[in-house]
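The values are calculated or read from the model by the stated rules, or taken from the named source; none is laboratory data. What you are looking at is a predicted structure, and each value in this text was computed from that prediction instead of being measured. Cβ atoms come from the backbone with ideal geometry, glycine included; neighbour counts cover every protein chain shown. Accessible surface is based on the protein model in full, side chains and every heavy atom, while ligands, DNA and RNA are left aside. Shrake-Rupley method; radii C 1.70, N 1.55, O 1.52, S 1.80 Å.
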Amino acid sequence: MPVDDSRDLALSAPDSPSSSPSAPAESARSRGRVRAFLDLVAIEHSVFALPFAFLSALTAMQVSGGRVRWVDLLLITVAMVGARTFAMAANRILDRQIDARNPRTAGRELVTGAVSVRTAWTGAAVALVVFLAAAALLNPLCLVLAPLAVVPLVVYPYGKRFTNWPHAILAIAQAVGPVGAWLAVTGTLDGSWPAWLLGAAVGLWIGGFDLIYACQDSEIDKEIGVHSVPARYGRRFALHASTVAHVVTFGLFVWFGALVGFGWLWWVGLALTAVAFAYQHLVVTPTDLSKVNRAFFTANGFVGIALFVFALLDLVIRLDLRP
């Protein structure tokens, strides 16, 4: 249940000099709240989408002059982490009652009270301001489009309440990253077709493995009225849909690489990606979901890092991207 914030006030009430917490104790409590909030939003999972924002930005830099613009990369990083933190915090806040009814998610911080709702809203608001500020510092187009990028981030938590395909909303939200990174570098929609291809690939990739992840909750979702593809159509259908999404994802990665002129290093990275895709679809079956986390975190984290590393090597060595 949510933390009763009045308890903190009671602890700090000046009934006696000894009742006031020491500065080190207060500092430790503050650090603990920050750590709990970072756990709430799973900050380490930024590894999934951030490499593709970098890939899009660096490709745009190569196309538009061949030099790395480090300040732009820093601002893109801040914007991406800010947007994702806001999205995760909002998702956890809006889903806290659903999470409390699901044994798999009943240990989340807002359910147990490790993070109060007020703290979560504060963190979400700060993250949103950080995102908008980074967009403003990048260029006017990013600032104008930033509110549009926020829309699917807010709609997604509600999606499971009105559609069996909330995974599609998540896909749209994730597709924004590579497109936004390209626009951050170029400041124009002209010539941004490669970014839209990459964005579609990333959206389908993440939407596809969200279908796999949702299979864990298919039975409880049906009981409590949460909508999802596995809950409505069954795990087998969801896993087949995920396979189709990832086949199309792979095709879009091929198209993107050919369109921007990547060389053999990109194709090596793409071959490793194909292996990772195949692995996650082999280890998860409708009757055995024990390896979902391995597929979700290990395989998909590998996809983002592998593709980015090989693309970066290609940009530096063959296409002469310079620091």
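Cβ-Cβ distance below 7 Å, separation of 6 or more or different chains: which pairs start in region 138-152 with a residue that is within 20 Å of A89 (Cβ to Cβ) and end on one that is open to solvent by 80 Å² or more (accessible area, probe 1.4 Å) and in a helix (DSSP H, G or I)?
These pairs meet every condition: P152/I172.
Give region 144-157 a look and list any residue that's touching a Leu at 6+ places or on another chain (Cβ under 7 Å) and open to solvent by 60 Å² or more (accessible area, probe 1.4 Å), or say none.
Residues satisfying the conditions do not exist here.
Under the condition of being closer than 28 Å to V179 by Cβ and touching a residue at least 40 places away in the same chain (Cβ under 8 Å), which residue from region 217-249 is surrounded by the most Cβ atoms within 10 Å (Cβ to Cβ)?
Quick first cut of region 217-249, residues closer than 28 Å to V179 by Cβ only: 227-229, 238, 241-249.
If we keep only those that are touching a residue at least 40 places away in the same chain (Cβ under 8 Å) as well, we get 227-229, 245-246, 248-249.
Details: H227: 16, S228: 24, V229: 24, A245: 23, H246: 26, V248: 15, T249: 23.
Ranking the candidates gives H246 first.
Mind listing just one residue for me: the one in region 280-323 that is closer than 25 Å to V229 by Cα and not in a helix (DSSP H, G or I) and, of those, most open to solvent (accessible area, probe 1.4 Å)?
Here the answer is T287.
Quick one: count up the residues across region 81-95 that are open to solvent by less than 40 Å² (accessible area, probe 1.4 Å) and in contact with a Gly (Cβ under 9 Å, 6 or more places away or on another chain).
Total satisfying the criteria: 4.
Is it true that some residue in region 55-78 is more than 28 Å from A258 (Cα to Cα), among the small types (G, A, S) and either in contact with a Gly (Cβ under 9 Å, 6 or more places away or on another chain) or not in a loop (DSSP other than H, G, I, E, B) (or both)?
No, that holds for no residue.
How many of the residues making up region 288-302 are over 21 Å from the mean Cα position of the chain (by Cα) and in contact (Cβ under 8 Å) with a residue 12 or more places away in the chain?
1
Criterion first (in contact (Cβ under 8 Å) with a residue 12 or more places away in the chain and part of a loop (DSSP other than H, G, I, E, B)) does N91 satisfy it?
no
Take region 102-126 and flag every residue that is more than 25 Å from I220 (Cα to Cα), under 19 Å from the mean Cα position of the chain (by Cα) and touching a residue at least 60 places away in the same chain (Cβ under 8 Å).
A120, G123
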